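Undergrad: Structure provided below as structure tokens; questions to follow.
The values are calculated or read from the model by the stated rules, or taken from the named source; none is laboratory data. On a predicted model such as this, the values are computed, not experimentally measured, just so you know. Cβ atoms come from the backbone with ideal geometry, glycine included; neighbour counts cover every protein chain shown.
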Amino acid sequence: MRRLFRPQQLLSLVFALITVIVILSGVSTKQFVLAQSGTNPALVGSWAGPYPWPLVPIHASVGPNGKVIAWQRPKLAPANTPQSIVWDPNTKAFTSVPTVATDIFCAGHAFAPSGRLLVAGGHEGSPTPDPNQQADIGSNDSNVYDFNTNSWFSYIDKMNKGRWYPTVTYLGNGEAAVVAGTNNDEQDIVTIPEVWTSGATYRSLTAAPQKLDNYPWGFVAPSGRVFYSGPNRTTRVLNTVGTGQWSTVSNSNLGDRFYGSSVMYDNGRVLIVGGGLEKYSGLPTNTAEVIDVAVSNQWIPVPSMAFRRRHHNATLLPDGKIIVTGGTSGSGFNTAIENGVDRTVLPAEMWDPATKQWSTMASMKVGRFYHSFAALLPDGRVLVGGGGLPLAAGEPSDGNDPKNQGHYDVEIYSPPYLFAGMRPTIASAPTSVSYSQQFAVNTPDAANITSVSWIRLSSVTHGFNENQRINRLNYTKTAGSLNVTAPSDRNLCPPGHYMLFILNNGVPSVAKIVQIS
């Protein structure tokens, strides 16, 4: 007899119906979450933790060595906590990192082709004697973290203006576009984009002034221009050649999506999800839209998530799906409890680009609000953590100032594919390849491999991953090996480091990290 629903689809439908009841009844999300406990991890995945960390990880990046560097908000954090640390997912060990010369809180960051992490801007400091008075003054400094030497250094050349909350997007030619951010206060948005060149200097795009909101969601489009999918309703592309030029693409259907998230889930195909029409008030949305900037200038609505979310994260997975974690469903900017109702969104949700459908996944234990992150690890799990500095409204406080408190912990999500059968293994793969190069991936599971993908290393803060993107790679099989072809187009695959996965019907291997240059 033909099944109308697969088990996972049926489970998702049940969760969706329960969610409607939850929302209409005003029952807290956390109460609903309790009903999900004990579900099959092969359908909804599984969470581990929370695990204590020595800081509140507001910024996090997974490096070419597979280790994670994270940093916090030093002006509000306790004096005995580090500014930044490195964590090894394999040994669980922390390594101290030398102090950065400038305050890189709320900077933009992405990986250079070399594997070094470029961190542009940050917080210049307060104009008042009170160190807790956090004015929106941006830094014009650029710092670089080198995973090979576990060290920071600062570039001599500075941006023309300070930037707090900018976005860094590396281009197909190896340069990096830096846009937006505030200079002196929230209204003083930096309108002139700058390009970080291979000569370690900045070039201003003086013919391309444009006001974009905090941390705009930037992606290299197939054309080589940078597509900004939000959070502003009007979406645009930036040509970084010469003195620059902006072109309008179209308006998204809902409107602004402040503190939502966005992912380029295929070449030129972008998802926007969640966020609020108003930055500091009003209910966030659960809606989602997609666009293919290579073939169309139209945003198309897709099915909505089960939960409204603001301050969530969206993470690409090796099988091409997207996992959304954390956030608040409340009407305030950063709200845990609202009128006695818990607005913490603990269940994760997974989006399938093939069907455009959402599935409700397992629930984390700790609410992740403003200043939280999520990043894909080379072993296929998702590291989720942080939130705080300041705490969300209504979160339990230790009695001190809530703006000085946060979540000193992380959780790790194992997606359903880690419970769906034996994982294929990569015996060996090259550490670097060239464009269009055919290269061998040795594996005892070659006969069973159904797809090969690689995902650019994560570099994430404030709900947006400035570095992640996926390529699905062509390959042929031989005995004990796959002959894989590297992408030929630098705009579809900007130079740098990628996590290479081989998959057997959606079950991924542990990745090998490969540099394309």
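Undergrad: Does the range 226-235 hold any residues that are surrounded by 23 or more Cβ atoms within 10 Å (Cβ to Cβ) and in a loop (DSSP other than H, G, I, E, B), and which are they?
TA: Ser229, Gly230, Pro231
Undergrad: If you don't mind, there's one more thing I want to ask. Within the range 445-490, can you find the residues that are exposed (fewer than 13 other Cβ atoms within 10 Å of the Cβ) and over 29 Å from the mean Cα position of the chain (by Cα)?
TA: Ala447, Thr476, Thr478, Ala479
Undergrad: Then there is this: Can you tell me how many residues within the range 173-194 are over 20 Å from Val460 (Cα atoms), in contact with a strand residue (DSSP E or B) (Cβ under 8 Å, 6 or more places away or on another chain) and at pLDDT 95 or above?
TA: Going through the range 173-194 one residue at a time, the tally reaches 4.
Undergrad: Do we have Leu238 as assigned to a loop (DSSP other than H, G, I, E, B) and either surrounded by 17 or more Cβ atoms within 10 Å (Cβ to Cβ) or assigned by TED's automatic domain parsing to the domain that holds Pro494 (or both) here? Give the derivation first.
TA: Numbers: assigned to a loop (DSSP other than H, G, I, E, B): no; either surrounded by 17 or more Cβ atoms within 10 Å (Cβ to Cβ) or assigned by TED's automatic domain parsing to the domain that holds Pro494 (or both): yes.
No, not satisfied.
Undergrad: Just name the residue that is surrounded by the most Cβ atoms within 10 Å (Cβ to Cβ) out of those in the range 283-301 that are touching a Phe, Trp or Tyr at 6+ places or on another chain (Cβ under 9 Å) and over 17 Å from Gly268 (Cα atoms).
TA: The qualifying residue surrounded by the most Cβ atoms within 10 Å (Cβ to Cβ) is Pro284.
Undergrad: Would the range 57-74 turn up any residue that is modelled with pLDDT of 95 or more, more than 18 Å from the chain's Cα centre (by Cα), not in a helix (DSSP H, G or I) and not aromatic (Phe, Trp, Tyr)?
TA: The answer is yes; a qualifying residue exists.
Undergrad: Which one is surrounded by the fewest Cβ atoms within 10 Å (Cβ to Cβ) among residues in the range 136-165 that are free of Cβ contacts under 8 Å to residues at least 60 places away in the same chain and more than 18 Å from Ala200 (Cβ to Cβ)?
TA: Ile137
Undergrad: Further question on the same structure: Report every pair of residues separated by at least 6 positions or lying on different chains whose Cβ atoms are under 6 Å apart, first residue within the range 426-447 and of a type outside the set (Ser, Thr, Tyr), second surrounded by fewer than 14 Cβ atoms within 10 Å (Cβ to Cβ) and part of a strand (DSSP E or B).
TA: Asn442/Ser428; Ala446/Lys477
Undergrad: In the range 245-269, how many residues are small (Gly, Ala, Ser) and either out of contact with any Lys or Arg (no Cβ under 9 Å at 6 or more places or on another chain) or in contact (Cβ under 8 Å) with a residue 60 or more places away in the chain (or both)?
TA: Going through the range 245-269 one residue at a time, the tally reaches 5.
Undergrad: Could you figure out which of (1) surrounded by fewer than 19 Cβ atoms within 10 Å (Cβ to Cβ); (2) closer than 14 Å to Asp141 by Cα; (3) at pLDDT 95 or above; (4) aliphatic (A, V, I, L, M) isn't true of Ala200?
TA: Among (1) surrounded by fewer than 19 Cβ atoms within 10 Å (Cβ to Cβ); (2) closer than 14 Å to Asp141 by Cα; (3) at pLDDT 95 or above; (4) aliphatic (A, V, I, L, M), Ala200 violates only (3).
Undergrad: If I go through the range 289-340 residue by residue, how many of them are closer than 21 Å to Leu457 by Cα and aliphatic (A, V, I, L, M)?
TA: 6
Undergrad: Is there a residue being under 16 Å from Ala48 (Cβ atoms) and at pLDDT 95 or above anywhere in the range 418-432?
TA: Scanning the range 418-432, I find at least one residue that is under 16 Å from Ala48 (Cβ atoms) and at pLDDT 95 or above, so the answer is yes.
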